[in-house]
Amino acid sequence: MADTILIVVEQREGKLNRVSLETLTAAQAIAAETNWDLEAAVAGGSVDAIVQEIAKVKVKKIYAIESPKLERYTAEAYVSALKQFIGSKQPKLVLMPHTYQVRDFAPRLAAALGRTLISDAIGYRKDGTKLVFTRQMFQGKFTADVSFSCDPPHFATFQAGSYRGDRVEMGASAAPVEKIAAQADGSAVRVKPLEIFKEAKQAVDLTQAEIIVSVGRGIKEQKNIELAKALADALGGEIAASRPICDSGWLPMDRQIGSSGQTVAPKLYLALGISGAIQHIVGMKGSRSIIAINKDAEAPIFEIADFGVVGNLFDIVPALTEEVRKAKT
Amino acid sequence: MKILVCMKQVPQKDAPLKLNESGTWIREDVSYEVNEPDAYALEEALRQKEKHGGEVVVITTGPARAQQVLREALAKGADRAIHLEGNEFVGLDSFNTAKAIAASIKDEQFDLIFTGLQSDDYGYAQTGVLLAEILGWPHATIIMSIEKSDGGVRLKRELEAGFFQHLEMPLPAVLTIQSGINKLRYATLIGIKQAKNKPLRKVTHAEIQHALGPNLQKIEKLYIPQKQKKTEMLEGSAAEVAKKLVDKLKNEVRVL
Amino acid sequence: MATATVPKTKIAGGSFLIEDRQPEEVFTPEDFTDEHRQIAQTTEEFALKEIVPNLEKIEHKEFAVTRDLIKKASELGLTSVDIPEEYGGMEMDKVTSAIIADYIAKSGSFSVTWGAHVGIGTLPIVYFGTPEQKKKYLPKLASGEWVGAYALSESSSGSDALNCRTRADLSADGKHYVLNGEKMWITNASFADLYVVFAKVAGEKFSAFIVERTFTGFSVGAEEKKLGIRGSSTCPLILNDCKVPAENLLGEIGKGHVIAFNILNIGRFKLGAGCVGGARTSLLSALNYAKQRKAFGKTLVDFGLIREKLADIATGIYVGESLAYRTVGMIDEALRDIDKHSPDASTQIRKGIEEYAVECSILKVWGSEMLDQVVDHVVQIYGGYGFVEEYPAERAYRDSRVNRIFEGTNEINRMIITGWLMKRAMSGQLALMPAIKKLMDEVLSGPSMSEETEAELTAERALVGNAKKVALFAAGVASQRYMMDLAEQQEVMAALADIIIEVFAMDSVLLRTLKLMQSRGESGSALPIAMTQVYLSEAMARIEVAARKVVAAASEGDNLRIQTTILRRLLKHDPTNTIALRQQIATRVIDAGKYVTA
């Protein structure tokens, strides 16, 4: 399996996690530049449905790594199965989406093979013969170029939203599938996964909202959330928040946008006092238009905003609410 | 329960950061603080100890300044501290950092090791998981609650999009703790006073060097992110800005 | 006791005028122990997370919130630093005490409430209480279960508190004192549980009493409507045949003045430290505003006149810290060897603090006037927004003003500064007179060649040396002219105090910077050096005005001409480019977004 890029596609409870398509898009771009082959692997109990879906994508081959031990996700079974498979195939590069599940097992998988993982990359660059991955550091204040200084296989994960899943190139014909009976060592699995559940009843489905007014640490006090609510009402939108606001109990958890909350792509995302930590940005950067109001001109949120205002939100928001009301009458 | 908490010192959240001359790292003349997720990990360890008894030990790597993190943890109630002290530890990749930690605790028997879910500087989210691999222990990440059960722990792990999962696992184990799992306490004056007399073991790079390997990855350079989007900045008084924004909402965003 | 390891010398109060100190001998914020730093951090964290989110409630006199904050602060130990361990306290050093006053200062109202509780409300019992009184009251005050207050002033006696009309008469059975009268301007009045009340026994002997809120005949009047610190409680107390158990007499009958003056002395260093903290908070608010506000297509921080103000504020904080921590450092040094288990430990501690009465008064006057200038600058930076209530500048401006009034008006404190030094000089306790005589001989013999030295900041050292000479010279001229009558010459006394205050400030900031240079080197101390140079230059100008005022009042004719010539010689110094220095300071502070020293 010389000079191959292997994508480990993510499935949860038998369903394809579509963020895997983004990683496939990235992998296709790398493959085009390096002339390496592109192959995909799906691990699980029985992964036929997902394999069918991925087979439409332009990849050279798909491996269906199956075992009853992989039916329900555990880091240990995944590491054990993938270690064996990757160890024998020796691809150049193993790519995965940077999901909570991948964060849970991928570092361990790389280490088990004596290799390393560049996690949460947002892009790559070919530097001579070397591949360099770009990733954010210091909460998005800087970008770093990171390279491997060990032999392949090299492991990297891509942040959600770094590539467009809908741009993935489809194949002329279905890719061939090879079934692998995983050697997952069940006795080594010490973690017992139990039920998956949702905590609070989702009062609103923010993913369906066309307009979202979202607040961050800059709102300072719980009572100031009313300012943002008034603006959301005037615009006919929903109120949402970054994680610290929900952690403080100022808004319910189901209003949280970001990696641990909801991922949204409304027509308008108005970020009030949100600095733009990566964990938040991944949940909203697909928005069609982003307006950011923040007192700190250096806040990373301005990197992705279409319109930015550096200023005091306590002045601007009431004035804006007023103007919106006027415009609507 | 005997719990080790891995803590990291990172630049303060609002500190203005500058690149060093070679563009490989930040200039070190900034104010530092405890990595926020690690503060939650410590708090959780202290709460577990208050419930079940035992000991809380904190560990960090880095130059002398990093000791601040340990002092603070001791003042909040940790029983003792281990400092892998030296500038040599600063440039280690996650794998080597985990190896260094593992080597420095080889004579200890912990039931649990906690880390924050990721650091606010690198943001790799790997050290805890790697430590589990090195020690051969089970692990779980992004933990939102921990209950002691017979022979192990019952955990609530956070998944994406508002989902959670319960897990059970035996001890010893490594857990990475999600921020917001609890409410942080303040260091009390009595705690600060007592912290002085709590043991702090220093470990030099030379002592654990044998356990380290070459770094497997390298930060080539650090730079200010290139803008992906053209941002139009609107200026003026609050009233003027509000008018301009409404104009944008009408004519460009078209939601009014 | 947690004490800093730094100054080892016991330094006599007021000796800064006549003795030169080495940088190693002064305590500075750079000498904070790990413990001090952590306490500063925990205090600030508490202030930011607990006080700041409640600012509006505090301001609207929701006293339940204020009391709850006191309770929470005591759970951290913040209210019991000055209370002995055996009575539930933390018994830590005075540097810690000052650090807390400094870093808790995010709200004028809360700081006043807090200061009244931990300072004048609690300390009279700490320093003058019997073991029984301490046992009964201190644990409750330490834990925040009870809040304390201090009742000295009356409607017709403020600065002249000893003229009080409230009287205390022993009941026929000798079991109670019956108090009658009305106290005024009592901080924490409406919600305190314990009041230290001053009254004259049999209408003659000025004495202090511990009065519980629930004693019969005790009631609290209506809230005053105040210019500032509106979130604190200030009411009259009405004592109408108020029955106070005889054992609640505090200290000795007729010795109430000892308590009254001593407690104020001690309170002053905390007030000074609190002003420094208030200035730090104000700088942050000014920077936040000035960094985002646009005018003429630029940001406010790009304008020279805004930068100048920001630089002045930062310099004020730096000098203030130097003064405050040098003073408390000296106090800690004086208290270091006291055996806290000895029966008269509290008396020794009190006397140790009293030694630095002048420094404490200076700190109070200088700190309150610095803060008043700072909040004025901040209102100006905010412009129109500084004049409206929605922005923090307005409240800070109003809140600051009271600092010049309470704990002894700044006028009274100026009298104390000069008067106390003169008294010590007369009694020979402080070798001021020989120093004055030596200086007089020296200046009359004409200019001497100054020796060239290679030391750092040579010019600055010379400047401070000359400032001390000006102080001695002016004091010499005034005492020659007025002799024992000097105390009656308030304007002259105040002008002398102005010089003395500046000398202590100049001396303290220079020593701190020199000490800092020892550890950071000259290049690492650029910002502190710039702040020192700006301050010395401006202070010298103020000294000149005050000295000329004294000399012009005290002398005439040839004498005046000679003395003016001498003054001119002593005040001579090369001009400092304070514009460039302030630009440099502003750049750094704006860049950091907060007060920094590097």
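The values are calculated or read from the model by the stated rules, or taken from the named source; none is laboratory data. Because the structure is predicted, anything quoted here is derived from the model rather than measured. All Cβ positions, even for glycine, are placed from backbone atoms using ideal geometry, and neighbour counts span all protein chains on display. What goes into the accessible areas is simple: the full protein's heavy atoms, side chains included, and nothing from ligands, DNA or RNA. Shrake-Rupley method; radii C 1.70, N 1.55, O 1.52, S 1.80 Å.
Tabulated data for the structure shown
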read-out	value
Zero-based 10 Å bins, Cα pair distances in chain C, whole percents	3, 17, 27, 26, 18, 7, 2, 0, 0
Options B:Pro37, C:Ser109, C:Pro575, ranked by Cα towards positive dipole end of the protein assembly as shown, top entry (Cβ charges)	B:Pro37
Estimated dipole of the range B:2-211 in Debye, rounded to 20 [Cβ of Lys and Arg +1, of Asp and Glu -1, Cα centre]	700
Largest-first principal axis extents of the Cα set of chain A (Å)	65, 47, 37
Nearest 10 degrees, 0 to 90: helix B:36-52 Cα axis against chain B principal axis	40
Estimated distance in nm for a label pair at A:Thr34 and C:Ser523, the labels positioned 7 Å out from Cα along Cα-to-Cβ	4.4
Phi-based couplings in Hz for the range C:102-115 (Karplus 6.51, -1.76, 1.60; Gly and Pro marked x)	5, 7, 8, 6, 10, 9, x, 4, 5, 4, 5, 4, 5, x
The range B:17-60: trypsin sites (Lys or Arg not before Pro) falling in loop per DSSP and having at most 15 other Cβ within 10 Å	B:Lys18, B:Arg27
Percentage relative contact order, the range B:44-103, counting C-alpha pairs under 8 Å, at least six apart	34
Proximal charge balance of A:Asp145 [Cβ under 11 Å; K/R count +1, D/E count -1]	+3
Viscosity 1.567 mPa s, 4 °C: Kirkwood-radius Stokes-Einstein D of the protein assembly as shown over Cα pairs, µm²/s	39
Listed residue (A:Gln28, A:Leu194, A:Thr207) projecting farthest to the positive dipole end of chain A, Cβ model	A:Leu194
Too-long pairs where the Cα-Cα distance tops 24 Å, listed order kept, from C:Lys10/C:Lys423; B:Lys202/C:Lys340; B:Lys106/B:Lys198; B:Lys193/C:Lys94	B:Lys202/C:Lys340
Chain A, relative contact order [Cα under 8 Å, separation at least 6], %	15
Of the DSSP H helices in chain A, those whose Cα atoms cover at least 18 Å axially and whose Kyte score averages -0.5 or more	A:19-34, A:75-89, A:100-112, A:313-328
q = 0.17, 0.21 Å⁻¹: log10 I(q)/I(0) that the Debye formula gives for the range C:402-548, counting C-alpha atoms only	-1.04, -1.30
Taking chain C and dividing mean pair separation by its residue count, relative contact order in percent (alpha carbons under 8 Å, at least six apart)	15
Rounded accessible area per residue of chain B, 1.4 Å, Å²	40
Cα coordinate range in the range C:101-248, projected on the principal axes (Å, largest first)	50, 34, 25
Positive-end residue of A:Leu251, A:Gly218, A:Ala228, charge dipole of the range A:209-254 with Cβ unit charges	A:Gly218
Rounded if a/c under 1.5, otherwise prolate or oblate - the range A:206-328, Cα gyration tensor axes	rounded
For B:Thr141, distant residues with modelled amide H under 5 Å away	B:Thr176
Listing of the range C:50-88 residues, each with accessible area lower by at least 30 Å² in the full protein assembly than in the chain alone (probe 1.4 Å)	C:Glu50, C:Pro53, C:Glu56, C:Leu76
Per residue solvent-accessible surface (Å²) - the range C:260-391, probe of 1.4 Å	32
Cα-based helix-to-principal-axis angle, C:432-444 vs chain C, degrees rounded to 10	20
Cut-off 19 Å (backbone N to label point 7 Å along Cα→Cβ of C:Asn288), residues of the range A:211-227	A:215-227
Alpha-carbon gyration tensor eigenvalues x 5, square-rooted, for the range C:1-129, Å	30, 17, 15
Principal axis dimensions, the range C:499-598 - Cα atoms, whole angstrom, descending	54, 25, 21
Accessible solvent surface per residue of the range C:140-203, calculated while the other protein chains remain in place, 1.4 angstrom probe, Å²	37
Cβ-Cβ FRET estimate between C:Ile562 and C:Val388, R0 fixed at 35 Å, reported to 0.05	0.05
Sites C:Asp339 and C:Arg165 - FRET efficiency at Förster radius 45 Å, r taken between beta-carbons, to 0.05	0.65
Rg/Rh ratio calculated on Cα atoms of the range A:4-188 (Kirkwood radius)	0.94
Sites matching trypsin sites (Lys or Arg not before Pro) across the range B:164-202 that sit in DSSP coil, with at most 11 neighbouring C-beta atoms within 10 Å	B:Lys183
Spin-label pair C:Met440/B:Lys106, simplified geometry with 7 Å Cα→Cβ offset, distance in nm	8.0
Derived scalar couplings ³J(HN,Hα) [the range A:151-157; Karplus, 6.51 cos²θ - 1.76 cosθ + 1.60; whole Hz; x for Gly, Pro]	6, x, x, 9, 10, 8, 10
Solvent-accessible area buried by pairing A with B, both sides, nearest 100 square angstrom, 1.4 angstrom probe	7400
Long-range amide H partners of B:Gly54 with built H, under 5 Å	none
Descending semi-axes in Å of chain B, equivalent ellipsoid built from Cα gyration tensor	37, 24, 20
The range C:410-592 - charge dipole about Cα centre, Lys and Arg +1 at Cβ, Asp and Glu -1, debye rounded to 20	200
For the range A:288-327, fraction of C-alpha pairs farther apart than 13 Å, in %	53
Neighbourhood charge, 13 Å Cβ-Cβ cut-off, centred on C:Ala189 and excluding it, Lys, Arg +1 and Asp, Glu -1	0
Residue mean of other protein chain beta carbons inside 10 Å, A:144-153	5
Karplus-derived 3J(HN,Hα), 6.51/-1.76/1.60, for each residue of the range C:555-560, Hz, glycine and proline x	10, 8, x, 4, 3, 4
Magnitude of the charge dipole, the range C:148-256, Cβ model with Lys/Arg +1 and Asp/Glu -1, debye to 20	200
Sequence-distant residues sharing a close amide H with A:Ile290 (under 5 Å, placed H)	A:Tyr269, A:Asp306, A:Phe307
Above-threshold pairs, the threshold being 20 Å between Cα atoms, out of C:Lys309/C:Lys594; A:Lys92/A:Lys126; A:Lys229/C:Lys61	A:Lys229/C:Lys61
Förster-model FRET efficiency, 45 Å R0, B:Gln194 and B:Glu21, C-beta, rounded to 0.05	0.60
